[in-house]
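Student: One structure, pasted below without further comment.
Coordinate-derived values only; no laboratory data. Remember, predicted model here, so these are calculated numbers, not experimental data. Note that we place each Cβ from the backbone using ideal geometry, even for glycine, and neighbour counts take in every protein chain shown.
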């Protein structure tokens, strides 16, 4: 849903500021392009619609790029604080993938 709104804004107001990160503003056109690039990379890795993915990325901007890219690909996502596979909530979700760059993450987590 949000990714569609971002795409709409990117087409109608590409130079308007979408978010402000420590390095400065990111405009809708650039934000939409970056979401597309992440979605394309995830698709190239074989990630397809219908799955459930947990996202744990400390950089908030990168985290949201992944969440929005997953939405663009038709996947459900959940943001998590700890990528531990033993966490009872994660076990209950029956995740298809955990996207993280945290040390000590599960061996099968996407890096």
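Student: Using a simple spin-label model with points 7 Å from Cα along the Cα→Cβ vector, what separation in nm is obtained for residue 45 and residue 26?
Tutor: It works out to 1.7 nm between the two label points.
Student: Testing the spin-label approximation: label points 7 Å from Cα along Cα→Cβ at residue 60 and residue 37. State their distance in nm.
Tutor: 2.2 nm
Student: Given a Förster distance of 25 Å, report the FRET efficiency between residue 2 and residue 93 from their Cβ-Cβ distance, rounded to the nearest 0.05.
Tutor: 0.75
Student: Normalising by the residue count of the stretch 2-100, find the relative contact order in percent from Cα pairs under 8 Å and 6+ residues apart. Walk me through the numbers on the way to the answer.
Tutor: On the way: 129 pairs, mean separation 26.5, N = 99.
Here the relative contact order equals 27 percent.
Student: With the crude spin-label approximation of a point 7 Å out along Cα→Cβ, what separation in nm comes out for residue 81 versus residue 16?
Tutor: Result: 3.5 nm between the two label points.
Student: Multiply the residue separation of residue 52 and residue 101 by 0.36 nm, subtract the distance between their alpha-carbon atoms, and state the gained length in nm to one decimal. Each step should come with its number before you reach the end.
Tutor: Working: separation 49, 0.36 × 49 = 17.64 nm, distance 1.80 nm.
Here the segment from residue 52 to residue 101 would lengthen by 15.8 nm.
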